[in-house]
Amino acid sequence: MCNKQPDGELLRVHPPVLLKADDPLYRMPDPDSMGYVFLMPEGPRQINEAGDVFYIKDARVAYHDHSRGYETFLIDGGAVESTLNHKQCVMEKGDLMHIRPGVHHGFHHLVENTIWREVFQEIDMYSSCNQRDILRELRPEILADPEFQASRRKRLGTNYREMPLARVVDKHEISQVRPHGCALRSFCFSGMELGLKVGRWETDGVREIWEFRFPKGTTLEFARPFDSSPLYAVMEGAVQADLFDGMDVYTAQERDFLHIPAYTPHSLTIMEENTRIFAYNVQSELLNALEALHAEFTRRPEQMGNWPWIEQVLREYDCWLTGIKFSGQEVNQ
Ligand SMILES: [Fe+2]
């Protein structure tokens, strides 16, 4: 969003807060897929780049690995045969994979319109696809030149390899795959379910990815500004985001993204039963905070009602939650 500013005033450029699944920033058609870009990479670690890709049946992604960057793919419909470090499985709706540098990966789409929900860190997929598309249109002979292809791949850090004779296994046996309903670590407090999908050790220490399921009517308050921009995807149900004490209100439905700008006091309210959201940019050490709370709640259950102490623990781990309400009932007092 870019508005003209009077002379002498700062120009403020913000991506939208609510990113509707059917209203992308860019469409990127390809012969065997249609890409939708929702967010460009942001900050020095190029986080929060988000998009969807719809693949036609039998589309293939050649076996390759990256010398840098992190790819998180959620299969949001259809089915894909995934080969990851010489192991092969079929992934379906709700299955997620997280690919670190050096992990070999290639794909064969088994169903028409198989949907990938992609979130990147240090990949800048948009720029490389955009450059490819410009060359394809204006200078196709350059794009076809093997020497140019080799130098481009080297610059992008992408290394293509021959597809190996892969071993077919259950998807639970592939460490990069987080099947639907599975988490690395799960917690359950007061009806809230929190599952760690990707650990900080898998993002070079930059962030964690969590799946949350909260009861209808739950409100999470982040009343104080903090230095990161949360990115949520609504998987089921609906979430209302209130920014600056209700000055801006957005409601995200299934498949929409919410992107909260840094330093923005806000709250999130769960609007429907069985609402499930993915939090793709958890920069707080939430796993450590929840481990500490879980241990103390087990030892001294009365601490569950001690909000000042809970908030102190959260703050130690850079978690800026300032209160929780369950259907209007506050637990932060
Ligand atoms: Fe890749």
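The values are calculated or read from the model by the stated rules, or taken from the named source; none is laboratory data. Because the structure is predicted, anything quoted here is derived from the model rather than measured. FYI the Cβ positions are ideal-geometry reconstructions off the backbone, even for glycines, and counts take in every protein chain you see. In case anyone asks, the SASA skips ligands and DNA or RNA and just uses the protein heavy atoms, side chains included. Shrake-Rupley method; radii C 1.70, N 1.55, O 1.52, S 1.80 Å.
Could you sort MET163, MET97, MET34 by accessible area so the largest value comes first, with the probe set to 1.4 Å? Walk me through the intermediate numbers first.
Details: MET163 90, MET97 0, MET34 60 Å².
Ranked list, largest accessible area first: MET163, MET34, MET97.
In the neighborhood of TYR317, defined by Cβ-to-Cβ distances under 10 Å, what is the net charge if each Lys or Arg adds +1 and each Asp or Glu adds -1?
That works out to -3.
Check the straight Cα-Cα distances from LYS325 and name the lysines below 27 Å, setting aside those fewer than 8 residues away within the same chain.
LYS20, LYS197, LYS216
Near the amide H of CYS319, under 5 Å away, which other amide H atoms are found, from residues 5 or more places off or on another chain, if H is placed in the peptide plane?
GLU285
Ignoring any ligand, DNA or RNA, what whole percent of the accessible area of the chain comes from carbon and sulfur when the probe is 1.4 angstrom?
Values: 8420 of 16410 Å².
Summing carbon and sulfur atoms, their accessible area is 51 percent of the total for the chain.
Using only the heavy atoms of the protein chains and a 1.4 Å probe, how would THR203, THR298 rank by accessible area, largest first?
Details: THR203 0, THR298 95 Å².
Descending order: THR298, THR203.
What shape does region 185-330 take by its C-alpha gyration tensor, where a ≥ b ≥ c are the square roots of the eigenvalues and a/c under 1.5 counts as rounded, a/b above b/c as prolate, and the rest as oblate?
On the way: a/c = 1.36, a/b = 1.21, b/c = 1.13.
Rounded, because the longest to shortest axis ratio a/c is under 1.5.
Go through region 259-268 residue by residue and turn each phi into a ³J(HN,Hα) via Karplus (6.51, -1.76, 1.60, θ = phi - 60°); whole Hz please, and just put x for glycine and proline.
10, 8, x, 4, 6, 10, x, 7, 9, 10
To the nearest 20 debye, what is the magnitude of the charge dipole of the chain about its Cα centre, counting +1 on the Cβ of each Lys and Arg and -1 on the Cβ of each Asp and Glu? Don't skip to the end; give the middle numbers.
Numbers: 36 positive and 51 negative charges, 139 e Å.
Here the size comes out at about 660 debye.
Once you sort the root eigenvalues of the Cα gyration tensor of region 90-224 as a ≥ b ≥ c, which label holds: rounded (a/c under 1.5), prolate (a/b larger than b/c) or oblate (the other case)? Mind dumping the intermediate values first?
Numbers: a/c = 2.35, a/b = 1.75, b/c = 1.34.
Taking the square roots of the gyration eigenvalues as a ≥ b ≥ c, region 90-224 is prolate.
Please return the longest stretch of the chain lacking exposed loop sites, where chymotrypsin sites (Phe, Trp or Tyr not before Pro) count only if DSSP places them in a loop and at most 12 other Cβ atoms lie within 10 Å. It would help to have the intermediate numbers written out before the result.
On the way: sites that count: PHE244, TYR263.
After excluding every exposed loop site, the longest remaining stretch is 1-243.
Restricting to Cα pairs below 8 Å that are 6+ residues apart, what does the relative contact order work out to for the chain? Please round to a whole percent. Could the numbers behind the result be given before it?
On the way: 754 pairs, mean separation 49.5, N = 333.
Taking the mean separation of contacting Cα pairs over the length of the chain, I get 15 percent.
So what is the relative contact order of region 173-306, in percent, for Cα pairs below 8 Å that sit 6 or more residues apart? Let's see the in-between values first.
Working: 269 pairs, mean separation 35.1, N = 134.
Computed value for region 173-306: 26 percent relative contact order.
Just to make sure I understand: if all protein chains stay in place, what is the order of ARG152, ARG136 by accessible area at 1.4 Å, largest first?
Values: ARG152 40, ARG136 100 Å².
Order by accessible area, largest first: ARG136, ARG152.
By the gyration tensor of its Cα atoms, with a ≥ b ≥ c the square roots of the eigenvalues, what is the shape of region 23-178: rounded for a/c under 1.5, prolate for a/b over b/c, or oblate? Walk me through the intermediate numbers first.
Values: a/c = 1.45, a/b = 1.30, b/c = 1.11.
It is rounded, given that a/c, with a ≥ b ≥ c, falls under 1.5.
Rounded to whole Hz and in sequence order, give me ³J(HN,Hα) for region 160-177 from the Karplus expression 6.51 cos²θ - 1.76 cosθ + 1.60, θ = phi - 60°, writing x for Gly and Pro.
Rounded to whole hertz, the list is 8, 9, 6, 4, x, 6, 7, 9, 7, 9, 5, 4, 5, 8, 9, 5, 6, 9.
Heavy-atom accessible area per residue, region 32-176, 1.4 Å probe: how many Å²?
Details: 6920 Å² over 145 residues.
For region 32-176, the per-residue accessible area is 48 Å².
Please give the solvent-accessible surface of MET40 in Å², to the nearest 10, using a probe radius of 1.4 Å with every protein chain present.
70 Å²
For a quick check of understanding: with a 1.4 angstrom probe and all protein chains in place, what accessible area in square angstrom does VAL313 have, to the nearest ten?
Accessible surface of VAL313 is approximately 10 Å².
Counting helices only, and only those DSSP H runs with n ≥ 4, report the 222 nm mean residue ellipticity of the chain as the sum of -39,500 (n - 2.57) divided by its residues, in deg cm²/dmol to the nearest 500. Present the calculation step by step, with values, prior to reporting the outcome.
Details: 5 runs with 54 residues, N = 333.
Helix-only estimate at 222 nm: -5000 deg cm²/dmol.
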